[in-house]
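K.L.:
Handing you a structure now.
The values are calculated or read from the model by the stated rules, or taken from the named source; none is laboratory data. The model shown is predicted, which means the values in this text are computed figures rather than measured ones. Note that each Cβ is placed from the backbone with ideal geometry, even for glycine, and that neighbours are counted across all protein chains shown. To get the accessible areas, we keep the full protein, side chains included, count just its heavy atoms, and leave off ligands, DNA and RNA. Shrake-Rupley method; radii C 1.70, N 1.55, O 1.52, S 1.80 Å.
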Amino acid sequence: MNKSHALALFLFVGLTVAGGSLIGYFSIPGPWYQGLEKPSFNPPNWIFGPVWTTLYVLVGIAGARAFIKERGNWLSKIWFVQMALNFAWSPVFFVLHRADLALVVLIAMLISILAFIATAWNRDRPAALLFLPYAAWVSFAGLLNGAIWWLNRV
């Protein structure tokens with residue numbers, strides 16, 4: 001790995017983890033979230049930090065690979081779109097208290113994640129594979145988001 005590739009990897013992983021952590025810090029679930037009815041499959045709150053940190057490392061590595069191999073092409077553009085949607089979800093859900101709109105953001109995010117996987121599959125298989133746990137977790141998060149919206153609709 002040359003120096004520019006190492007720098008890209010460091011920046012993508014670092015900024016992805018830091019960005020996700022910062023969004024999480026400013027979107028901490030508070031009394032509104034605690035008061036919501038949740039489905040029986042809702043995981044304990046402590047699980048979200050470690051899961052998202054791990055996923056952000058994988059997503060950052062995949063993003064660096066896409067940037068290095070296809071800077072400015074569709075693969076890197078899709079990566080940035082899904083990242084913007086990812087970072088938008090928490091404020092929409094936890095700050096705006098809009099589980100309905102957050103579900104729309106999450107569905108768009110899942111579509112962009114699947115588009116990344118499909119686009120990367122023949123171009124950069126490791127990047128596509130790095131996104132599989134992310135797609136699984138976001139699918140679960142969509143189910144959870146939808147159930148919370150359904151259980152608490154007015």
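K.L.:
Do you know which of the residues in the range 79-96 that are modelled with pLDDT of 95 or more and among the β-branched types (Val, Ile, Thr) is surrounded by the fewest Cβ atoms within 10 Å (Cβ to Cβ)?
P.N.:
VAL81
K.L.:
Specify which of the listed residues (GLY60, GLY24, GLY49) is within 22 Å of LEU110 (Cβ to Cβ) and touching a Ser or Thr at 6+ places or on another chain (Cβ under 6 Å).
P.N.:
GLY60
K.L.:
Go through LEU110, LEU114 for me and flag whichever is closer than 16 Å to TRP74 by Cα and either surrounded by fewer than 20 Cβ atoms within 10 Å (Cβ to Cβ) or of a type in the set (Asp, Glu) (or both). If you could, list the steps in order and put the result at the bottom.
P.N.:
On the way: LEU110 fails: closer than 16 Å to TRP74 by Cα.
Exactly one residue qualifies, and that residue is LEU114.
K.L.:
Taking the range 3-34 only, how many residues are closer than 16 Å to SER90 by Cα, open to solvent by 70 Å² or more (accessible area, probe 1.4 Å) and hydrophobic (A, V, I, L, M, F, W, C)?
P.N.:
Step one: of the range 3-34, the residues closer than 16 Å to SER90 by Cα are 16-34.
Checking the rest, the ones that are also open to solvent by 70 Å² or more (accessible area, probe 1.4 Å) come to 22, 25-26, 28, 31-32, 34.
From the residues that got through so far, the ones that are hydrophobic (A, V, I, L, M, F, W, C) too are 22, 26, 28, 32.
Residues flagged as closer than 16 Å to SER90 by Cα, open to solvent by 70 Å² or more (accessible area, probe 1.4 Å) and hydrophobic (A, V, I, L, M, F, W, C) within the range 3-34 amount to 4.
K.L.:
Then there is this: For the range 54-68, check the following and say yes or no: at least one residue is open to solvent by 30 Å² or more (accessible area, probe 1.4 Å), without any contact (Cβ under 8 Å) to a residue 24 or more places away in the chain and either among the acidic types (Asp, Glu) or more than 19 Å from LEU132 (Cβ to Cβ) (or both).
P.N.:
No, the range 54-68 contains no residue that is open to solvent by 30 Å² or more (accessible area, probe 1.4 Å), without any contact (Cβ under 8 Å) to a residue 24 or more places away in the chain and either among the acidic types (Asp, Glu) or more than 19 Å from LEU132 (Cβ to Cβ) (or both).
K.L.:
Keeping to the range 117-151, report how many residues are in contact with a helix residue (DSSP H, G or I) (Cβ under 8 Å, 6 or more places away or on another chain), open to solvent by 50 Å² or more (accessible area, probe 1.4 Å) and touching a residue at least 60 places away in the same chain (Cβ under 8 Å).
P.N.:
Number of matching residues: 2.
Residues checked against (1) touching a residue at least 24 places away in the same chain (Cβ under 8 Å); (2) out of contact with any strand residue (DSSP E or B) (no Cβ under 7 Å at 6 or more places or on another chain); (3) crowded, with 21+ Cβ neighbours inside 10 Å; (4) aliphatic (A, V, I, L, M):
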residue	(1), (2), (3), (4)
LEU36	yes, yes, no, yes
PRO39	yes, yes, no, no
LYS77	no, yes, no, no
ARG98	no, yes, no, no
